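Step one of this worksheet: look at the structure below.
The values are calculated or read from the model by the stated rules, or taken from the named source; none is laboratory data. Here the structure is a predicted model, which is why all the values come from computation and not from measurement. All Cβ positions, even for glycine, are placed from backbone atoms using ideal geometry, and neighbour counts span all protein chains on display. The accessibility values were calculated without ligands, DNA or RNA, using every heavy atom of the protein model including side chains. Shrake-Rupley method; radii C 1.70, N 1.55, O 1.52, S 1.80 Å.
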Amino acid sequence: MLIGVDIGGTKIAAGVVDADGRVLERIQASTPVTRGAEAIVTTAAELVQGLLRLHGPVSAVGVGSAGQVDHESGIVVDANENLPGFRGLPLRERLEELLQLPVAVENDVKAAALAEAQLGAGRGVRQMLLVMVGTGIGGALVLDGKVYRGASGVAGELGHLLFRPEQGRLCPCGRRGCIEGYASGRAIMEIYAEESGRSIDVATIAKRARDGETLAREVLTQAGRALGLTLGGLINTLSPEAIVLGGGVLQVEELYLPVLEYGLQMQALPVMRRSCTVRRMELVHDAVLIGASLLAKERTEDGRRGQAAD
Ligand SMILES: [Zn+2]
């Protein structure tokens, strides 16, 4: 048995996962954002300790966290205001001190991608690109079952691909014109508010679109098309066998997916578009937990190999 942890800006979840990737028990707590990094790490450790008391010892713990996480060093390289104090935090070291267990850490989208590639929508797929469209946009590439991390360790920030080069919308990363400023949940809310003068969430915008409101339909359509065009360019670059889509914005798939497909058709070269299927995530809410547990398993296997080499 292994334990996987999912650290996000609103909640922290922890679960006991068996060898087949089934979540046997899942518990969660609100992320204590106002109390800072140490409180967030302590909350995660307490959830794990709660599971250990109920289910007995485990060999390792895996953590998928929001932010740019360097799996190799265990350090959170960068994180936004959703996880205050996480920038530069030695997350693996802190959790290993608190838990006295081997810990593996990774970016949450990469953890989810690993789970989908091994046990979900990407089973049997050799090149899988996971695209998560929530408040922001995240991505991860899994090649032959392995997460691609690049030279920096944090590859996959596809939300910051340039969509509009001149006078683009401001992105939370500080740059202008990133796709995240056009197609994310935050962007959909902001654009709708700018056009209508009313601030409402994506679910409400989606409801209005379904009820036939022109502005709501237009905002969602533009967002889906923008993402489709961007992913079309990625298909041309990477030629993945599958793009797996997930995240809260996909709740409005009947509005978003047809225009996303239109954008893909516009931009992707035909031979590469034909080789790529677009799918929905299968593991959804548990993907990060399960992926984190798979990383914990790798960590114990690495440990055993290390001992054998000593
Ligand atoms: Zn950006």
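The Cβ shell under 11 Å around residue 207 holds other residues with a net charge of -1, Lys and Arg each +1, Asp and Glu each -1. Charges were assigned to the Cβ only: +1 to each Lys and Arg, -1 to each Asp and Glu. The resulting dipole of the chain about its Cα centre is roughly 480 debye.
Element breakdown for region 100-222 at a 1.4 angstrom probe: carbon and sulfur atoms account for 49% of the accessible area. Using only helices, what value at 222 nm comes out for the chain when you add -39,500 (n - 2.57) per DSSP H run of length 4 or more and divide by the total residues, to the nearest 500 deg cm²/dmol? Rounded to the nearest 500, the figure is -13500 deg cm²/dmol. Here the relative contact order of the chain, from alpha carbon pairs under 8 Å that lie six or more residues apart, stands at 21 percent. Which GluC sites (Glu not before Pro) in region 44-98 pass both tests, a DSSP loop state and at most 11 other beta-carbon atoms within 10 Å? Filter output for region 44-98: 72, 81.
For the chain, lysine pairs separated by 8 or more sequence positions, or belonging to different chains, with Cα-Cα distances below 19 Å total 4.
Maximal additional length on extending the residue 175-residue 239 stretch stands at 20.3 nm, based on 0.36 nm per residue less the C-alpha distance. Think of region 228-310 as a dipole: +1 on every Lys or Arg Cβ, -1 on every Asp or Glu Cβ, centred on the Cα centre; then among 235, 260, 292, 235 lies furthest on the positive end.
When all protein chains stay in place and ligands, DNA and RNA are ignored, the 1.4 Å accessible-area order of 94, 299, largest first, is 299, 94. Each of 47, 221, 185 was scored by the projection of its Cα onto the charge dipole of the chain, and the greatest displacement toward the positive side belongs to 221; charges sit on the C-beta of Lys, Arg, Asp and Glu. Here the Gaussian network model covers the chain, with springs between Cα atoms less than 10 Å apart; of 198, 169, 225, 198 fluctuates the most.
Over all other residues within a Cβ to Cβ distance under 13 Å of residue 33, the charged ones net out to 0, with Lys and Arg as +1 and Asp and Glu as -1. For region 38-106, the dipole from Cβ point charges (+1 on Lys and Arg, -1 on Asp and Glu) about the Cα centre works out to 220 debye, to the nearest 20. Averaging the sequence gap over all C-alpha pairs within less than 8 Å and six or more residues apart, then dividing by the number of residues, gives region 61-169 a relative contact order of 22 percent.
Would you look at the GNM of the chain, springs on alpha carbons closer than 10 Å, and say which of 194, 180, 218 moves the most? Comparing 194, 180, 218 in a Gaussian network model of the chain, the most mobile one is 194. Restricting region 270-301 to GluC sites (Glu not before Pro) that sit in a DSSP loop and have at most 16 other Cβ atoms within 10 Å of their own Cβ leaves 282. Rounded to the nearest 20 debye, the dipole size of region 1-60 about its Cα centre is 140 debye, using +1 on the Cβ of Lys and Arg and -1 on the Cβ of Asp and Glu.
Rounded to the nearest 0.05, what FRET efficiency do residue 298 and residue 34 give with R0 = 35 Å and r taken as the Cβ-Cβ distance? Could you check? It comes out at approximately 0.55. How high is the relative contact order of region 124-281, in percent, with contacts defined as C-alpha pairs under 8 Å that are six or more residues apart? This gives 24 percent for region 124-281. Rolling a 1.4 Å probe across the protein heavy atoms gives the chain an accessible surface of 46 Å² per residue.
Just report the Cα centroid separation between region 136-183 and region 206-244, whole Å. Each part's Cα centre sits 16 Å from the other's.
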